[in-house]
């Protein structure tokens, strides 16, 4: 169906331009769109009439599907995930879906497995899978802490 | 996935909107850009256009001989939404048919989950139709479902995307909020 036969986000094959593009988590988009909408409310009586359908539908979507609402928490989520040298795409999938277990995280972002095995090869001491899972587990714990204190 | 993209764009300003004072010119460039952006709706490459964030640069204007309009090449950053094959997303069920359900995700309404891609689920005709399973929560209108994208299609005439999705995989299916 897709024009690019190769495209497969599960393996992080999404085309170079998108791999380098900055992705945004739902919660970040919610902050941006809500801010834009508030600005419109100040200048117009009927702000919903001023925005496109795409804007309206997306705003509704990100409001419902944001795991973090507080702007500080949103910033912290990106900060924490950035420590794990993830691709932008992987970072945002994790921030959007908030997996609770290592198995779920790998199911949601299969490419993190490949990523950790690349690191593994680079090390003089071969790190086993258990170690990789540990790193993922720490990341998930850090994320759930933000949620708890939000 | 929502993307922050940098886009080159051509903005055409009618002669009467030109002003020797740069400020008003800049304003009409931004206004035209916002209009164009909303009208364009989506492109095959970048997906749906949501919002303009910042105007990065305005190039030198070129006068169009016939009309007197001036064309300004500009670069701005904006937010788009594009759906990728293999991506895992969450969406809301908005229509249930005998052979599958339609979901809404971001600006896209035509996300089809066929009953052949819903293992263990069977259709049940009731006052409001529903898909039932012995092992998993039921799928009815307004339920949030986590799915994987197995195919996407760009419809040039409608400037819309369609997607085929599946529940075949671990940790996919209805999500309790």
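Given the conditions (1) free of Cβ contacts under 8 Å to residues at least 40 places away in the same chain; (2) surrounded by 13 or more Cβ atoms within 10 Å (Cβ to Cβ); (3) out of contact with any strand residue (DSSP E or B) (no Cβ under 9 Å at 6 or more places or on another chain); (4) more than 18 Å from residue B:105 (Cα to Cα), which single one is not true for residue A:39?
Residue A:39 satisfies every listed condition except (2).
Taking region B:1-50, which residues are on the phi > 0 side of the Ramachandran plot and assigned to a strand (DSSP E or B)?
The answer is B:47, and nothing else.
For a quick check of your reading of the model, give me the residue pairs whose first member lies in region A:97-126 and is within 17 Å of residue A:137 (Cα to Cα) and within 9 Å of another protein chain (Cβ to nearest Cβ), whose second is loosely packed, with under 13 Cβ neighbours inside 10 Å and modelled with pLDDT of 50 or more, with beta-carbon atoms closer than 6 Å and at least 6 apart or on different chains.
What qualifies is A:107/B:170.
Yes or no: residue B:99 loosely packed, with under 13 Cβ neighbours inside 10 Å and modelled with pLDDT of 95 or more?
yes
In this structure, is residue B:79 surrounded by 14 or more Cβ atoms within 10 Å (Cβ to Cβ) and over 14 Å from the mean Cα position of the chain (by Cα)?
no
Taking region B:117-134 on its own, how many of its residues are free of Cβ contacts under 8 Å to residues at least 12 places away in the same chain and surrounded by 15 or more Cβ atoms within 10 Å (Cβ to Cβ)?
1
Is at least one residue of region A:65-75 crowded, with 22+ Cβ neighbours inside 10 Å and within 16 Å of residue B:87 (Cβ to Cβ)?
Yes, there is a match, as at least one residue in region A:65-75 is crowded, with 22+ Cβ neighbours inside 10 Å and within 16 Å of residue B:87 (Cβ to Cβ).
Can you name the number of the only condition in (1) at pLDDT 95 or above; (2) assigned to a loop (DSSP other than H, G, I, E, B) that residue A:84 fails?
For residue A:84, the exception is condition (1).
What do you reckon, is residue B:112 away from chain A (no Cβ under 14 Å) and either surrounded by 21 or more Cβ atoms within 10 Å (Cβ to Cβ) or touching a strand residue (DSSP E or B) at 6+ places or on another chain (Cβ under 8 Å) (or both)?
no
Looking only at region B:1-29, how many residues end up being within 14 Å of chain A (Cβ to nearest Cβ) and modelled with pLDDT of 85 or more?
Number of matching residues: 8.
State all residues of region A:124-150 that are modelled with pLDDT under 50 and part of a helix (DSSP H, G or I); if no residue qualifies, say none.
Of everything in region A:124-150, those that are modelled with pLDDT under 50 and part of a helix (DSSP H, G or I) turn out to be A:129, A:130.
Among the residues of region A:55-77, which ones are touching a strand residue (DSSP E or B) at 6+ places or on another chain (Cβ under 7 Å) and farther than 15 Å from residue B:1 by Cβ?
A:55
I'm checking my understanding of the structure. Among residues of region B:61-105 that are closer than 27 Å to residue A:11 by Cβ and assigned to a loop (DSSP other than H, G, I, E, B), which one is farthest from the other protein chains (Cβ to nearest Cβ)?
B:83
Those residues that are at the interface with another protein chain (Cβ under 8 Å from one of its Cβ atoms) and surrounded by 15 or more Cβ atoms within 10 Å (Cβ to Cβ), I need them from region B:38-50; list them, please.
B:38, B:41, B:42, B:48, B:49, B:50 - these are the residues of region B:38-50 that are at the interface with another protein chain (Cβ under 8 Å from one of its Cβ atoms) and surrounded by 15 or more Cβ atoms within 10 Å (Cβ to Cβ).
Could you tell me how many of the residues in region A:11-29 are more than 10 Å from chain B (Cβ to nearest Cβ) and modelled with pLDDT of 85 or more?
So the count comes out to 1.
Residue-by-condition table, conditions (1) surrounded by 13 or more Cβ atoms within 10 Å (Cβ to Cβ); (2) more than 20 Å from residue B:87 (Cα to Cα); (3) at pLDDT below 95:
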position	(1), (2), (3)
A:52	yes, yes, yes
A:59	yes, yes, no
A:95	yes, no, no
A:119	yes, yes, yes
A:122	no, yes, yes
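Identify the single condition in (1) within 11 Å of chain B (Cβ to nearest Cβ); (2) assigned to a helix (DSSP H, G or I) that residue A:67 does not satisfy, given that it satisfies every other one.
In the conditions (1) within 11 Å of chain B (Cβ to nearest Cβ); (2) assigned to a helix (DSSP H, G or I), residue A:67 misses (2) alone.
The values are calculated or read from the model by the stated rules, or taken from the named source; none is laboratory data. The shown structure was predicted, so the numbers you read here are calculated from the model rather than taken from an experiment. Don't worry about glycine lacking a Cβ; one is built from the backbone with ideal geometry, like all the others, and counts go over all protein chains shown.
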